[in-house]
Amino acid sequence: MRPVQFAFEETQLDEIAKAEGRIAIFVPQEGNLDQGSRRINRMTRGAVERLREDKGADAANGTLITLAFPTGLAAEAVDVVILPRRCSIEEARKAGAALGKARGNAALTVLAGTHPKAAQIAFGIAMRDYGFDDHKTADAEEDARAVRMMVSKPADVEAAAAPLLAVADGAFFTRDLVNEPANVLTTTEFADRLVALQEIGLEVEVLEEDQLKELGMGALLSVGEGSESPSKVVVMQWNGGDKAAPPLALVGKGVVFDTGGISLKPAAGMEDMTMDMGGAGVVAGTMKALALRKAKANVVGLVGLVENMPSGRATRPGDVVTSMKGDTIEVINTDAEGRLVLCDVMHYAQDRFKPAGMIDLATLTGAIIIGLGHENAGVFSNDDMLCNAFLKAADAEGEGAWRMPLGKGYAKQLKSRIADVKNVGGRPAGSITAAEFLQRFVQEGTPWIHLDIAGVASVKSETALAPAGATGWGVSALSRLVADNFEV
């Protein structure tokens, strides 16, 4: 679905009494109310002050308290949000998210006045105002998607909010992709949705199976052998920077469904494997965000799209496949397929684009969930400068990320008796050995980060800025990384 649309307007207090749906105001735990809140307080005969006296002292910043069916107003509710003028970006976004969650399908008028974090509040509203109901047959209620945001300087707030709302749009694109069932989001449908991004200025090309065979992508192609869906690689380019500047390369694992192949997964929970293309989803959403906000940087996004299915043609445990790099790989477990997809796309990205840095994203291992749960993605890197820049961006955007170790001792677990390397190194340090496998395909001199997002791409319970399901984790952090480190 598309993010909510905002109308930024000059504050018009005389219109408040006629506003329908819900009205939102922001009040501190103590101290003076702003102009809009004072007007609402008078119209509701002091209800705002009484509510603050009753509940404000014990409320955290961002807490929303609803006055239902207020007297003196046409609105069905007034949402009173505890939020001082001096608040953090995180608090402002969470306050907005509380409004996005509470509003349902109702029209919303936000009285932000002169609040310095009005743009961040708008971002929070946009990020939380999401639902994936494309496959529900019940009649949908009429949805008043637009949000009126009354502020003292609407042009300034709109300008500050524009790049944030572009990021929200990209995150929604990621969420929609990750939430889609696999019978809808086939490799072909996925590629078609990415091709459609040409409409916003991205250059998009699709490499089909015959081209992948010519390139020697034997590792990637081995994953899709058992499926009727053709394997593909999609390349998206955004050239908003200096023509001579090498791009940042983003590489995503796009396994549209993962049965485990011949190493079949247990039936319980297999339905969640529709999200195994989460890395490709984040790359796609980030590229959309960069294009929408006209980022002054060169970035290329590459995604490997496959389906891992068992059949008479499927790759078997014990098979040996040859990567584009030329390394032979003993496939010990066909359920460790994501690294086979990534290694070929990473090699292609470096050979063709000679990137200034490369970041791959994948729902790669269950081991990272055991280690970090659903709070943080695992971060592995060969370059402290790039890694620290990403961690700083992720922290600023409130997207959990934690650096994990690499080392030759872990790489020893991948030694094969019959090939150059095997695709798994056993249960100990499973997420680290997966990263070590990928590092084998990083060319000397290429700054690289591997993000294992298995625990954060899709979750069972809501987060601060997203309902249960796909989170869109990574779009905000990567967009900020580009803005802070790669834009001219």
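All of the numbers you see were taken from the coordinates with simple rules; none came from a lab. Note that this is a predicted model, so its numbers are computed, not measured. For neighbour counting, all protein chains shown are included, and Cβ atoms are generated from backbone atoms with ideal geometry for every residue, glycine included.
The stretch between residue 316 and residue 239, if pulled fully straight at 0.36 nm per residue, gains 23.6 nm over its current Cα-Cα span.
Placing a label point 7 Å from the Cα of residue 86 along the Cα-to-Cβ direction, the residues of the stretch 108-137 whose backbone N falls under 17 Å of that point are 115-117.
Cross-link partners for residue 18 among the lysines, with Cα-Cα distance under 24 Å and sequence neighbours closer than 8 places in the same chain left out: 101, 153. Among the GluC sites (Glu not before Pro) in the stretch 209-291, those located in a DSSP loop and surrounded by at most 12 other Cβ atoms within 10 Å of their own Cβ are 228. Taking every DSSP bridge with both residues inside the chain, close to 40 percent are antiparallel. Taking trypsin sites (Lys or Arg not before Pro) as exposed when DSSP calls them loop and at most 15 other C-beta atoms lie within 10 angstrom, the chain has its longest site-free stretch at 314-414.
Among the GluC sites (Glu not before Pro) in the stretch 361-432, those placed in a DSSP loop whose Cβ has at most 12 other Cβ atoms within 10 Å are 375. Summarising the amide proton neighbourhood of residue 358: residues at separation of 5 or more, or on other chains, whose placed amide H is nearer than 5 Å comprise 249, 448, 449. The GluC sites (Glu not before Pro) found in the stretch 1-56 that occupy coil by DSSP, while having at most 15 further C-beta atoms within 10 Å, are 20, 30. Taking 35 Å as R0, compute the FRET efficiency from the Cβ-Cβ separation of residue 328 and residue 271 and round it to 0.05. Taking R0 as 35 Å, the efficiency between residue 328 and residue 271 is 0.50.
Legend: ranking of residues 450, 115, 374, 135 from fewest to most surrounding C-beta atoms inside 10 Å; resulting order 135, 374, 115, 450. Note on the stretch 6-152: Cα convex hull, mean projected area over all directions, 8.7 nm². What you get for the chain, charging only the Cβ of Lys and Arg (+1) and of Asp and Glu (-1), is a dipole of about 1140 debye around the Cα centre. Modelled this way, with points 7 Å down the Cα-to-C-beta line, the labels at residue 395 and residue 32 are 3.6 nm from one another. Checked against a 28 Å cut-off, the cross-linked pairs 55/117; 136/392; 354/392; 213/408; 232/408; 265/392 give Cα-Cα distances beyond that limit for 136/392; 213/408; 232/408; 265/392. For the modelled label position 7 Å from the Cα of residue 460 along Cα-to-Cβ, which residues of the stretch 259-298 have backbone nitrogen atoms closer than 12 Å? So the set is 269. DSSP assigns beta bridges within the stretch 6-152; of those with both partners inside it, close to 20 percent run antiparallel.
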